[in-house]
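*Asks:* The following block contains the structure, expressed as C-alpha cells.
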Amino acid sequence: MVVNKKRIVLSNKIYPLFAGLSGDLIFYIAINTLFLTEVKHFSALEISSLTTISIFVMLILNPLVMKIINKIGALNSVRVGVTVLFLGAFLITVGNNYFIILIGSIIYESYAYFKYMDAVILRKNLAFLKEEDRFLEIQNKYSLIYSVVTMFTAFVSGFLFNLNPYLPMIGCLIFCVINLFLVNFLYEVKTPNEKKIKKDKRKVKITHLVFLLLLLFSVCYSIIDLGQNNSKLFIQYKLDSFLTLENVSIILTVIVSVSRIARVLANYFFIKIYENYKSKILSIIGYS
C-alpha cells in the first residue's frame, strides 16, 4: 500500500489549527448560561439537568460508542465528531423547547468521544515519519491556539450578545462549518504492517487503597468540574440582582476572557517548563 507522505506532513501541519478550533463550541462556552436563561428562558435547575442527563446518557452508551469507533477507525471517528458537534450546536440554537435542546446537549456531549481520536491520528503519522518526539510540541500548539481563540471569542461574546442574542451562536455554527472543512485535510497512516493488538490478559489487582484513591479522585474531579460548569450561572444570577442584562453579559464574558489568560500563559511556557522538569511535571500540575 502506497502511503502519501505529503498528505501526512500536511495533516500534521493542519492538526494544531483543526484541534484548536474544534476543541469545544467556540462562543457558546462563553455565553451558554446567558443564552439558555435569557433566550430559551430555562431555570437554573433545567440548565444543570442538561449536563447531568447528557453525561448519564453517554455513560450508558459508552460501550456502544467505543465499538463504533473501533469499527470505523480514527479518521472517520473524527469526521463523525465534528459533524455531531455542528448538529449539537444547531439544535441548541434553533430548539424551542427543553427536549430538543436536551437532544442537542446529548449530541454535544458525545462529540468528544469521536473527535479526540485526532490525537491517535497524529501519533500514527508521527510514528510513520519517525518523529514521535514532536507529539508534545504539536499538542502544545493546539492547546495554545485553543486558549487564544477562546480568550478572544469570550471577550467579544458579550458585545455580540447585546447586539443580538443569536449572534454568538451564529459565530459558533460558523466555527463548526470551518471544522467540517478542515477535517478533510487530516490523513491517517494505514500500512500493511499494521497488526491487530492482542488483548493483554493480565489483570491489574485493585487493592482497597487503589479503589479508595480512584473513588476519591472521581468524587473530587466531579465536584470541581460541576463547580466550574455552574460558576458562571451563580455569578450571572448574582450580577442580575443589581445590573442590567447588557452589563451582565459584558462583565460575565470579560471574566471568562480574563480567566483564559492564565491558560494562554500556561500553554505558552509549558514546553520550557516540561524540558526542565520532565518526570516531575505531573506533580507540578497537580499542585497548581
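The values are calculated or read from the model by the stated rules, or taken from the named source; none is laboratory data. Remember, predicted model here, so these are calculated numbers, not experimental data. Every residue, glycine among them, receives a Cβ derived from its backbone with ideal geometry; neighbour counts consider all protein chains shown. For the accessible areas, the whole protein counts, side chains as well, though only heavy atoms, and no ligand, DNA or RNA atoms are used. Shrake-Rupley method; radii C 1.70, N 1.55, O 1.52, S 1.80 Å.
*Asks:* Pairs to check: Lys124/Lys232; Lys71/Lys232; Lys115/Lys141; Lys5/Lys71; Lys67/Lys124; Lys115/Lys190. Give those whose C-alpha atoms are more than 27 Å from each other in this structure.
*Replies:* Lys124/Lys232; Lys71/Lys232
*Asks:* For Phe152, what accessible area in Å² do you get when you roll a 1.4 Å probe over the heavy atoms of the protein chains, rounding to the nearest 10?
*Replies:* 130
*Asks:* Let me ask something else. Can you tell me how the range 35-161 classifies by the Cα gyration tensor, rounded, prolate or oblate, using a/c under 1.5 as the rounded cut?
*Replies:* Since a/c reaches 1.5 but b/c is at least a/b, the shape of the range 35-161 is classed as oblate.
*Asks:* Sum up the charges of everything whose Cβ sits under 9 Å from the Cβ of Leu85, counting Lys and Arg as +1 and Asp and Glu as -1, but leave Leu85 out.
*Replies:* 0
*Asks:* Can you figure out the FRET efficiency of Val254 with Ile174, using R₀ = 30 Å and their beta-carbon distance, to the nearest 0.05?
*Replies:* The computed FRET efficiency comes out at 0.85.
*Asks:* Between Lys130 and Ser48, what FRET efficiency follows from the Cβ-Cβ distance if R0 is 35 Å, with the result rounded to 0.05?
*Replies:* After rounding to 0.05, the efficiency reads 0.15.
*Asks:* Once all Cα-Cα distances of the range 1-107 are split into 10 Å bins that start at 0, what whole-number percent is in each one?
*Replies:* Here the calculated profile for the range 1-107 is 12, 36, 30, 15, 5, 1.
*Asks:* In nm, to one decimal, how far is the Ile261 label point from the Leu215 one, both placed 7 Å along Cα→Cβ?
*Replies:* 4.3
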